[in-house]
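Reviewing the structure listed below.
The values are calculated or read from the model by the stated rules, or taken from the named source; none is laboratory data. All of these numbers come straight from a predicted model, not from anything done at the bench. Backbone-built Cβ (ideal geometry, glycine too); neighbour counts: all protein chains shown. Surface accessibility is based on the protein's heavy atoms, side chains included, excluding ligands, DNA and RNA. Shrake-Rupley method; radii C 1.70, N 1.55, O 1.52, S 1.80 Å.
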Amino acid sequence: MTLADISNNLNLPRSTTYRLVSTLSDYGFLKRNNSSKCFSLGLKLLELGGIVYNSISLRKIASPYLDQLQDSLGKTIFLGILQEDEVVYIDKKEDPKNPIRFSSEIGRRRPPFFGMLGQLLLAYLPEAEVNRILRKHPLQPITRKSITDKTEFKKKLANIRKQGFVIDKEEALDGITGIAAPIRDYSGKVVGGVGVGFITSSEDGKGVKRVIEELCKTAKTISQE
């Protein structure tokens, strides 16, 4: 479409339209053909569409298994991805009768190091990427048990990779333990994580072991799907 076409369709003055399309072009959302002087959709929209598609596809595939896990454990279940260097929750399953409510709602963004899902997703990134993200989002204390030393944090990431899951014991929320496991795509790349959150005092060692076993089984099944 030409500038005049866009202006007419939006019922906006041409000067206003020009400023809008110029900004959108600068950021890659629109592309201008210098020969025809027409605008078309830019590659940035394709990139964003891909992110949305992958997130929705993961959520659609994972949803019934997250329901089963929630029914089995009776605890709050989270599904998250790393997007634009932040943790984004794309699904959440909880018992409506449970008086304990987690503030991490669907669509909520958290710092990349936040809690079980942040640590899990960072653990499977190349070290250079981890360093870049931590420069952008330096470690900060959220609770008294939060890891704020970069060397210690990286040791925990290495341990997560080794054992295949993460246990976050009150590092993000006082009195709350989170356990998460990775979801992989067809190539083996970690594309998301599934986590279980519960009151620390509600489970003993045997209970925690059961949570880990069922969680890892669910994450593996979702990955296979």
Inset, instruction - Mind listing whichever residues of the range 189-225 are within 16 Å of the chain's Cα centre (by Cα) and loosely packed, with under 13 Cβ neighbours inside 10 Å? - result: LYS189
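Could you tell me whether any residue of the range 164-181 is of a type in the set (Lys, Arg) and out of contact with any helix residue (DSSP H, G or I) (no Cβ under 9 Å at 6 or more places or on another chain)?
no
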Legend entry - Scan of the range 162-188 for residues that are charged (D, E, K, R), open to solvent by 70 Å² or more (accessible area, probe 1.4 Å) and either under 24 Å from LEU139 (Cβ atoms) or in a helix (DSSP H, G or I) (or both), ordered by number: LYS162, LYS169, ASP174
Inset, instruction - Could you please give the count of residues in the range 113-152 that are of a type in the set (Phe, Trp, Tyr) and at pLDDT 95 or above? - result: 1
Inset, instruction - Restrict the check to the range 21-32 and report whether at least one residue is part of a helix (DSSP H, G or I) and either in contact with a helix residue (DSSP H, G or I) (Cβ under 7 Å, 6 or more places away or on another chain) or modelled with pLDDT under 90 (or both). - result: yes
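Does GLY197 satisfy the criteria of being touching a strand residue (DSSP E or B) at 6+ places or on another chain (Cβ under 8 Å) and at positive phi? Step through it out loud before you land on a result.
Details: touching a strand residue (DSSP E or B) at 6+ places or on another chain (Cβ under 8 Å): yes; at positive phi: no.
It is false that GLY197 is touching a strand residue (DSSP E or B) at 6+ places or on another chain (Cβ under 8 Å) and at positive phi.
If I go through the range 36-48 residue by residue, how many of them are out of contact with any strand residue (DSSP E or B) (no Cβ under 9 Å at 6 or more places or on another chain) and either modelled with pLDDT of 90 or more or at positive phi (or both)? Show your work before the answer.
Within the range 36-48, the first condition is being out of contact with any strand residue (DSSP E or B) (no Cβ under 9 Å at 6 or more places or on another chain), and the residues that meet it are 46-48.
Narrowing further to those that are either modelled with pLDDT of 90 or more or at positive phi (or both): none.
Adding up the residues that qualify gives 0.
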Legend entry - Answer from ARG135, ARG184 - the residue that is closer than 16 Å to GLY80 by Cβ and either basic (Lys, Arg) or over 20 Å from the mean Cα position of the chain (by Cα) (or both): ARG184
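Can you tell which of SER7, SER72, SER55, SER22 is under 28 Å from LYS209 (Cβ atoms), of a type outside the set (Asp, Glu) and surrounded by 11 or more Cβ atoms within 10 Å (Cβ to Cβ)?
Working: SER7 fails: under 28 Å from LYS209 (Cβ atoms); SER55 fails: under 28 Å from LYS209 (Cβ atoms); SER22 fails: under 28 Å from LYS209 (Cβ atoms).
Answer to the check: SER72.
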Inset, instruction - Sort out which residues of the range 193-225 are outside any helix (DSSP H, G or I) and free of Cβ contacts under 8 Å to residues at least 24 places away in the same chain, and write them in order of number. - result: ASP204
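Tell me whether the range 87-98 contains one or more residues that are open to solvent by 80 Å² or more (accessible area, probe 1.4 Å), at pLDDT below 95, within 15 Å of the chain's Cα centre (by Cα) and not hydroxyl-bearing (Ser, Thr, Tyr). Step through it out loud before you land on a result.
Taking the range 87-98 first, the residues open to solvent by 80 Å² or more (accessible area, probe 1.4 Å) are 96-97.
In the following step, the residues that additionally are at pLDDT below 95 were identified as 96-97.
Those left that are additionally within 15 Å of the chain's Cα centre (by Cα): none.
No; the residues of the range 87-98 include none that is open to solvent by 80 Å² or more (accessible area, probe 1.4 Å), at pLDDT below 95, within 15 Å of the chain's Cα centre (by Cα) and not hydroxyl-bearing (Ser, Thr, Tyr).
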Legend entry - Number of the exception - GLU105 against (1) modelled with pLDDT under 95; (2) closer than 12 Å to GLY197 by Cα: (2)
Inset, instruction - Could you please find all residues in the range 167-225 being β-branched (Val, Ile, Thr) and closer than 20 Å to ARG144 by Cα? - result: ILE167, ILE176, THR177, ILE179, ILE199, THR200
Legend entry - Residue check for ILE51: at pLDDT below 90 and hydrophobic (A, V, I, L, M, F, W, C): yes
